[in-house]
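**Q** Quick one: this structure, given as structure tokens, is what I'll be asking you about.
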Amino acid sequence: MGRIEWAMWANEQALASGLILVAGGIVAVAAQFKGWPFAAYSIAAGVFVCLLEYPRGKRKKGSTMERCGQKYLTAVVKIFGPVTRNYYVRAILHAALAVPAGFLLSTILGTACLAIASAIYLLAAIRGEEWNPIEQKKPPERPPVGGGTIKQPPSMPPPRPPVETRKKQPLEEAAQENPIPVTSEAE
Amino acid sequence: MLRASRHRPGPRGQSREAGEGQQGGGGRKEGRGRGRTSLDPQRSSSQTGSNSAGCSLKRCPRRGTRTMALCGKSWLANEGSKHLCLLFWFSLNVGLFWKTFLLYYHGPQYYYLHQMLGLGLCISRASASVLNVNCSLILLPMCRILLAFLRGSQKVASRKTRRLLDKSKTFHVTCGVTICVFSGLHVAAHLVNVLNFSMNYTEEFLALNAASYRGEDPRKLLFTTVPGLTGVLMVLVLFLMCTASTYAIRLSDYDIFWYTHNLFFVFYVLLMVHVSGGVLKYQINLEEHPPGCFHPNTSLQEDIPVPGSFEEPFPEYSPEAFPPEPEQFVEKNFVGICTEEPKFQSHFPETWLWISGPLCLYCAERLYRYFRSNKPVTIVSVISHPCNVLELRMRKENFKARPGQYIILHCPRASALESHPFTLTMCPTDTKATFGVHLKIVGDWTERFQDLLLLHSRQNTEILPNFHQRNYPKVYVDGPFGSPSEESLNYEVSLCVAGGIGVTPFASILNTLLDDWQCYKLRRLYFIWVCREIQSFLWFADLLCMLHNKLWQENRPDYINIQLYLSQTDGIQKTIGEKYQVLNSRLLIGRPHWKLLFDEIAKCNRQKTVGVFYCGPNEISKVLHKLSNSNNSYGTRFEYNKESFS
């Protein structure tokens, strides 16, 4: 149990809670229940939580699976620096966001789920985890073939005429004529 | 329980299409400068044949890399029974939902309840019946001993049924997702019901209403009634289980998945208490009081409900006239005379009937597994192999296993709670009772386990071998459990493809063939092993050479066709070792060209059914699955069986 990274689980929970909040809010606003301003708030809070939690953080060990299309949101979340990097901030933020939605019946489940996510984030923060963005990898540079000294194909490939005849002819005529122009891939 | 420790964080996102492999026939040298040729005579002769216009493959228009050819016998053989089962399950759910919905919509015994609650009643009860079915079915794929028994007894189940058992984990996940979706629906409908109980409170139907006074706060009703409270707790447990079961979490932190999934027991206990609340009631005296009847006593007349309110889908928060005026009612309906007031009684909890069977079966199986695995095994030897692999040989009384099965190891000194599955690489036979596993050291449990085992071996090198026994940590073995690779001996021709450490199920098959190859239905085995490092082949190099030599001696050199591929190279020529010339001559650099391989096998085994077995990373699996489903012009059918890796 020593190497569990709680932040990843808290991230999944927060994303799911955001969706539940949005769903509950939509139902309450559409049916115009009493107290529907709370529902409108919960839709807004749910959308915010989803956007914040969509980019997955980088794991300490091993490779992390990215969510589809998360690099755009990663760029945005990265800008806020220590505010989004620290999990204590996230824990308190989620706890605060969850409270107002608890006053309406249809969003009460979203409150409970977001509260659990906030607790797990607190646990992750206590264990010293941090949110690090997943950087895009640059394609590795291939080293040039033969150390970069090979640029042209050989000028006199086999079958070669005997040594005597070779010496008489100048190099340009003995050279092979390529039917199609050739460029070296190492360039 | 799944294969945590054998997961290697492989390169994700690299699309491994059927790539540029090395064709070794006839001494041709490719551009990469690799000169190793395959000595297989069949291969070189068919090389020229398959390149000419031999195969015409029917393919449907491509829509991405995951397209399967939708036509042909191969697809039906591979996917047919699976989809049929899914269709059956789906229609069962839909039928049950519809039937329950109609029962509550039209049933006379629920007339008054329906009046009070509206559509929310029907939806919540219908989704509850779907939940009943799925909560009972979800336990069945997890009864591993039962599944292993069904796999082993060839008389009980035909090969088609046994192939269906490979999909048990997928079925479990499907039921799980259904439970989540319908729980959401059930909760939403019940929230509406709670609202209606509170708003439509009336003195006449005290027994029916869960609220105590009109306008009672619905949240109070939710948290103070038994079904309400247990329902809320169940949703929270389900939320925890769901969020920890996503693919990303299983891959990165398997422990979270495993520990939260064990909360299922809490879920089932809460479920059994949830349905015993007795809030749902039905009318029992239908003859004496037909619903909506006319009572001569005037005090009841004002409170007779009207069928007109049937059409309202959701009663709103704002106060509504309930019960409505009796004049409308008299015009619309023909009624009988009531002789007495309606009487209500709670339902018997139907859910208990649904889930008791599978739950008892599952608990019995867990108990049996616990008692069977309580005796520690005797560790015979521990061998270190290159590339972080450890071989462990053990002995246990009355332990019988078939090739391809796996066991679960539990070492209390390494971790008190964790246990991990490993495929058997050597099964006990009549003559030799030792069995073995190969473990790849990837996670923290395997590292601790390795330290415990090797520490004692190192310390005891000077002491007599007898002392080894006493210092090894205690290890408990649970199993053996079945896997798809067991079927490879039951096909006439089998193609076994292994990726890296995924070779372990096939190693036990090879060990069994080494013992006695003549008593099985298998006539030809194509063995393809793809590795990243050349040292990995040393894990089973001895086994392969011994098997090859034995078959040569017994005049069946074409029984096994070995091809080893080294998928990554840094340009330096490599060999496996001086004494493994058999394998060196069958080593090819680069990734296999799967399409050509399948064409070649199809051509050499016309009109036969070839079993394709794969264990390894997922990228190769997709390619093999697609090729197995596509048609070929030789009439050969490929049946695809995959061993799941994580």
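The values are calculated or read from the model by the stated rules, or taken from the named source; none is laboratory data. Computed from a predicted model, the values in this text were never measured in an experiment. Methodologically, a virtual Cβ is constructed for each residue, glycine included, from the backbone with ideal geometry; neighbour enumeration extends over all protein chains shown.
**Q** Any residue at all in the range A:25-46 that is in contact with a His (Cβ under 9 Å, 6 or more places away or on another chain), among the aliphatic types (A, V, I, L, M) and under 24 Å from B:LEU240 (Cβ atoms)? First the steps, then the outcome.
**A** Start the filter on the range A:25-46 by keeping residues that are in contact with a His (Cβ under 9 Å, 6 or more places away or on another chain), which leaves none.
Within the range A:25-46, none of the residues are in contact with a His (Cβ under 9 Å, 6 or more places away or on another chain), among the aliphatic types (A, V, I, L, M) and under 24 Å from B:LEU240 (Cβ atoms).
**Q** From the list B:ARG214, B:ARG219, B:ARG250, which one is within 11 Å of chain A (Cβ to nearest Cβ) and under 30 Å from B:GLN345 (Cα atoms)? Full working, then the answer.
**A** Details: B:ARG214 fails: within 11 Å of chain A (Cβ to nearest Cβ); B:ARG250 fails: under 30 Å from B:GLN345 (Cα atoms).
It is B:ARG219.
Conditions tested, residue by residue: (1) within 27 Å of A:TYR121 (Cβ to Cβ); (2) modelled with pLDDT of 90 or more; (3) of a type outside the set (Ser, Thr, Tyr).
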site: B:ALA244; (1), (2), (3): yes, yes, yes
site: B:ALA248; (1), (2), (3): yes, no, yes
site: B:LEU251; (1), (2), (3): yes, no, yes
site: B:LEU300; (1), (2), (3): no, no, yes
site: B:VAL306; (1), (2), (3): no, no, yes
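**Q** Right, B:ILE441: under 22 Å from A:GLY62 (Cα atoms) and either surrounded by fewer than 19 Cβ atoms within 10 Å (Cβ to Cβ) or more than 14 Å from chain A (Cβ to nearest Cβ) (or both) or not?
**A** Working: under 22 Å from A:GLY62 (Cα atoms): yes; either surrounded by fewer than 19 Cβ atoms within 10 Å (Cβ to Cβ) or more than 14 Å from chain A (Cβ to nearest Cβ) (or both): yes.
The answer is yes for B:ILE441.
**Q** Restricting attention to the range B:222-233, and to residues there that are aliphatic (A, V, I, L, M) and within 14 Å of chain A (Cβ to nearest Cβ), which single residue is nearest to B:LEU270 (Cα to Cα)?
**A** Of the residues in the range B:222-233, the ones aliphatic (A, V, I, L, M) are B:222, B:226, B:229, B:232-233.
Among the residues that remain, those that are also within 14 Å of chain A (Cβ to nearest Cβ) are: B:222, B:229, B:232-233.
Numbers: B:LEU222: 15, B:LEU229: 10, B:VAL232: 10, B:LEU233: 8 Å.
Across the range B:222-233, the extreme among qualifying residues is B:LEU233.
**Q** Can you pull out every residue in the range B:414-425 that is in a loop (DSSP other than H, G, I, E, B) and touching a helix residue (DSSP H, G or I) at 6+ places or on another chain (Cβ under 6 Å)?
**A** Initial filter on the range B:414-425 (in a loop (DSSP other than H, G, I, E, B)): B:414-419.
Matches in the range B:414-425: B:ALA414, B:SER415, B:GLU418.
**Q** Ok, one more. In the range B:234-247, what residues are at the interface with another protein chain (Cβ under 10 Å from one of its Cβ atoms) and in a helix (DSSP H, G or I)?
**A** Start the filter on the range B:234-247 by keeping residues that are at the interface with another protein chain (Cβ under 10 Å from one of its Cβ atoms), which leaves B:235-236, B:239-240, B:242-247.
Residues satisfying the conditions are B:VAL235, B:LEU236, B:PHE239, B:LEU240, B:CYS242, B:THR243, B:TYR247.
**Q** Filtering the range B:350-360 down to residues that are surrounded by 15 or more Cβ atoms within 10 Å (Cβ to Cβ) and hydrophobic (A, V, I, L, M, F, W, C), which residue is farthest from B:VAL130 (Cα to Cα)? So that I can check it myself, show each step before the final result.
**A** The initial filter retains those residues of the range B:350-360 that are surrounded by 15 or more Cβ atoms within 10 Å (Cβ to Cβ), namely B:351, B:354-355, B:358-359.
From what is left, the residues that are hydrophobic (A, V, I, L, M, F, W, C) are B:354-355, B:359.
Numbers: B:TRP354: 11, B:ILE355: 12, B:LEU359: 17 Å.
The residue in question is B:LEU359.
**Q** Hey, another quick one. Do any residues in the range B:604-615 that are under 18 Å from B:GLY72 (Cα atoms) have Cβ atoms under 6 Å from those of residues that are outside any strand (DSSP E or B) and aromatic (Phe, Trp, Tyr), where the two are at least six apart or on different chains, and which pairs are they?
**A** Listed pairs, sorted by first residue: B:ARG606/B:TYR634; B:GLY611/B:TYR491.
**Q** Cβ-Cβ below 7 Å, separation at least six or inter-chain, first residue in the range A:71-82 and within 9 Å of A:PRO55 (Cβ to Cβ), second part of a helix (DSSP H, G or I) and of a type in the set (A, V, I, L, M, F, W, C): which pairs?
**A** Pairs found: A:LEU73/A:LEU51; A:VAL77/A:LEU52.
**Q** Another question about this same structure. Checking B:LEU513 against (1) assigned to a helix (DSSP H, G or I); (2) in contact with a strand residue (DSSP E or B) (Cβ under 9 Å, 6 or more places away or on another chain); (3) modelled with pLDDT under 90: exactly one of these is not met. Which one?
**A** Exception for B:LEU513: condition (3).
**Q** Moving on to the next point. For the list (1) at pLDDT 85 or above; (2) within 27 Å of the chain's Cα centre (by Cα); (3) of a type in the set (A, V, I, L, M, F, W, C), I need the number of the one condition that A:VAL77 fails.
**A** The number of the failed condition is (1).
**Q** Across the range A:61-70, what is the number of residues that are surrounded by fewer than 17 Cβ atoms within 10 Å (Cβ to Cβ) and in contact (Cβ under 8 Å) with a residue 60 or more places away in the chain?
**A** Of the residues in the range A:61-70, 1 are surrounded by fewer than 17 Cβ atoms within 10 Å (Cβ to Cβ) and in contact (Cβ under 8 Å) with a residue 60 or more places away in the chain.
**Q** Now, a different point. Tally the residues that are in contact (Cβ under 8 Å) with a residue 60 or more places away in the chain and within 14 Å of chain A (Cβ to nearest Cβ), restricting the search to the range B:192-211.
**A** Residues that pass the stated criteria total 6.
**Q** Okay, moving on. Would you mind stating whether B:GLY176 is within 25 Å of A:ALA14 (Cβ to Cβ), under 39 Å from the mean Cα position of the chain (by Cα) and more than 11 Å from every other protein chain (Cβ to nearest Cβ)? Even if it seems obvious, please write down each step before you answer.
**A** On the way: within 25 Å of A:ALA14 (Cβ to Cβ): yes; under 39 Å from the mean Cα position of the chain (by Cα): yes; more than 11 Å from every other protein chain (Cβ to nearest Cβ): yes.
It is true that B:GLY176 is within 25 Å of A:ALA14 (Cβ to Cβ), under 39 Å from the mean Cα position of the chain (by Cα) and more than 11 Å from every other protein chain (Cβ to nearest Cβ).
**Q** Then there is this: Failed condition for B:ILE256, given (1) more than 10 Å from chain A (Cβ to nearest Cβ); (2) at pLDDT 85 or above; (3) crowded, with 21+ Cβ neighbours inside 10 Å, with all others met?
**A** (1)
**Q** Next up: Sort through B:LEU417, B:LEU453 and tell me the only one that's closer than 29 Å to B:PHE257 by Cβ, within 14 Å of chain A (Cβ to nearest Cβ) and modelled with pLDDT under 90. If you could, list the steps in order and put the result at the bottom.
**A** Details: B:LEU453 fails: within 14 Å of chain A (Cβ to nearest Cβ).
So the residue among B:LEU417, B:LEU453 that is closer than 29 Å to B:PHE257 by Cβ, within 14 Å of chain A (Cβ to nearest Cβ) and modelled with pLDDT under 90 is B:LEU417.
**Q** Working carefully through the options A:ALA45, A:ALA39, find the one that is crowded, with 17+ Cβ neighbours inside 10 Å and closer than 24 Å to A:ARG85 by Cα.
**A** Details: A:ALA39 fails: closer than 24 Å to A:ARG85 by Cα.
Within the list A:ALA45, A:ALA39, the selection yields A:ALA45.
**Q** Something else about it: Mind telling me which of the residues B:SER212, B:SER198, B:SER276 ends up being touching a helix residue (DSSP H, G or I) at 6+ places or on another chain (Cβ under 8 Å), over 30 Å from A:ALA10 (Cα atoms) and surrounded by fewer than 20 Cβ atoms within 10 Å (Cβ to Cβ)?
**A** When all the criteria are applied, what remains is B:SER276.
**Q** Name every residue in the range B:587-646 that is more than 21 Å from the chain's Cα centre (by Cα), among the aromatic types (Phe, Trp, Tyr) and modelled with pLDDT of 90 or more, in order of residue number.
**A** The answer is B:TRP594, B:PHE598, B:PHE638.
Conditions (1) among the aliphatic types (A, V, I, L, M); (2) out of contact with any strand residue (DSSP E or B) (no Cβ under 8 Å at 6 or more places or on another chain); (3) modelled with pLDDT under 90, marked per residue:
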site: B:GLY120; (1), (2), (3): no, yes, yes
site: B:VAL133; (1), (2), (3): yes, yes, no
site: B:ARG151; (1), (2), (3): no, yes, yes
site: B:LYS160; (1), (2), (3): no, yes, yes
site: B:CYS180; (1), (2), (3): no, yes, no
site: B:ASN200; (1), (2), (3): no, yes, yes
site: B:LEU206; (1), (2), (3): yes, yes, yes
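**Q** Out of the residues in the range B:93-118 that are within 36 Å of the chain's Cα centre (by Cα) and surrounded by 15 or more Cβ atoms within 10 Å (Cβ to Cβ), which is farthest from B:PRO342 (Cα to Cα)? Reasoning before the result, please.
**A** Within the range B:93-118, the first condition is being within 36 Å of the chain's Cα centre (by Cα), and the residues that meet it are B:93-104.
Next, only the ones that are surrounded by 15 or more Cβ atoms within 10 Å (Cβ to Cβ) stay: B:93, B:96-97, B:100-101, B:103-104.
Details: B:ASN93: 33, B:LEU96: 29, B:PHE97: 28, B:THR100: 23, B:PHE101: 23, B:LEU103: 19, B:TYR104: 17 Å.
The qualifying residue farthest from B:PRO342 (Cα to Cα) is B:ASN93.
**Q** Output the residue which, of all residues in the range A:149-171 that are part of a helix (DSSP H, G or I) and either modelled with pLDDT of 65 or more or among the basic types (Lys, Arg) (or both), is farthest from B:THR569 (Cα to Cα). So that I can check it myself, show each step before the final result.
**A** Going residue by residue through the range A:149-171, those that are part of a helix (DSSP H, G or I) are A:163-168, A:171.
Next cut, either modelled with pLDDT of 65 or more or among the basic types (Lys, Arg) (or both) only: A:163-168.
Details: A:VAL163: 39, A:GLU164: 43, A:THR165: 43, A:ARG166: 40, A:LYS167: 42, A:LYS168: 45 Å.
By that ranking, first place goes to A:LYS168.
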